[in-house]
1. Using Cα extents along the principal axes in Å as the read-out, say which of (1) 53, 44, 28; (2) 79, 42, 27; (3) 58, 33, 26 was calculated from these coordinates.
2. With 10 angstrom as the radius, rank ARG28, ARG108 by how many other C-beta atoms surround their C-beta, starting from the fewest.
3. I need the phi-derived Karplus couplings for region 54-65: 6.51 cos²θ - 1.76 cosθ + 1.60, θ = phi - 60°, integer Hz, Gly and Pro marked x.
4. Mind giving me the nanometre distance, one decimal, between the label points for ARG145 and ALA160, set 7 Å out from Cα along Cα→Cβ?
5. Provide the gained length on full extension for the span ALA170 to ILE89, in nm with one decimal, where the gain is 0.36 nm per separating residue minus the Cα-Cα distance.
6. Divide by every residue of the chain the summed helix terms, -39500 (n - 2.57) for each DSSP H run of at least 4, and state the resulting mean residue ellipticity at 222 nm, rounded to the nearest 500 deg cm²/dmol.
7. With a cap of 13 neighbouring Cβ atoms within 10 Å, and only residues DSSP puts in a loop, list the chymotrypsin sites (Phe, Trp or Tyr not before Pro) found in region 1-69.
8. State, as an integer percentage, the relative contact order of region 8-78 based on alpha-carbon contacts under 8 Å between residues 6 or more apart.
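Computed from the coordinates by the stated procedures, all read-outs in this text should not be read as laboratory data. These numbers were taken from a predicted model, which means no experiment stands behind them. Cβ placement follows ideal geometry from the backbone for every residue including glycine, while neighbour counts extend to all protein chains displayed.
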Amino acid sequence: MRVKIPYLRHDPKTGMLRYRRVFPAELRQYLVDNYRGLTELKVTLKARSIHEPGAMALYDDAAKLYDRLVARARKAAEGQYDELTNERIAFLVDAYRFVELADDETARFDPTVKANGLMIAKVMEDTGFEVPPHRPTARWSQGFRIAHGWALEVYRDLSADGNLEGIVDAWGERAVAFASRRG
């Protein structure tokens, strides 16, 4: 006897099972990935049959992910937000640190980022600023390192002076956008 499992389909090219479920149209604007709205959740189950080891667990994980994404989108649509507790702030700080480190790792292999770093280092040298000695392969990172050092100094001064308005001006938009993406 065959049992039909909802949202489960075979990929026509590979024959692998996929969890495919469409998001409600009214929530799609709140389900954004890489600056484009998601219309459907697609997750491969890495199996050709639901009876293969691990397939059902991946199916359950995909269903839970769908429910979490829809719940977060509903909250955003209704303008509801979680209370900002110390634990939630710590979570957001850790999540932000993780994202920044991942972005930094990705940037190290991006030729555009390297070109921008070289340009910053050249502009600094052209204006008379001494760029510290470095390996030729790391020259591109010197401009970023120095620019980030200056920015950090400004942020430390804002914090030391208790300039909350300056801190909000410097970080407010980015912090709100980051927290909003995480529900």
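1. So the calculated entry is the one marked (2).
2. Numbers: ARG28 16, ARG108 11.
Fewest-to-most ranking of ARG28, ARG108: ARG108, ARG28.
3. Along region 54-65, the couplings run x, 5, 5, 5, 5, 4, 4, 4, 5, 5, 5, 4 Hz.
4. With each label point 7 Å from Cα toward Cβ, the separation is 2.3 nm.
5. 27.4 nm
6. Dividing the helical sum by the residues of the chain leaves -19000 deg cm²/dmol.
7. On the way: sites: TYR7, TYR19, TYR30, TYR35, TYR59, TYR66; in loops: TYR7, TYR35.
Those that pass, being in a loop and sparsely packed, are TYR35.
8. 31 percent
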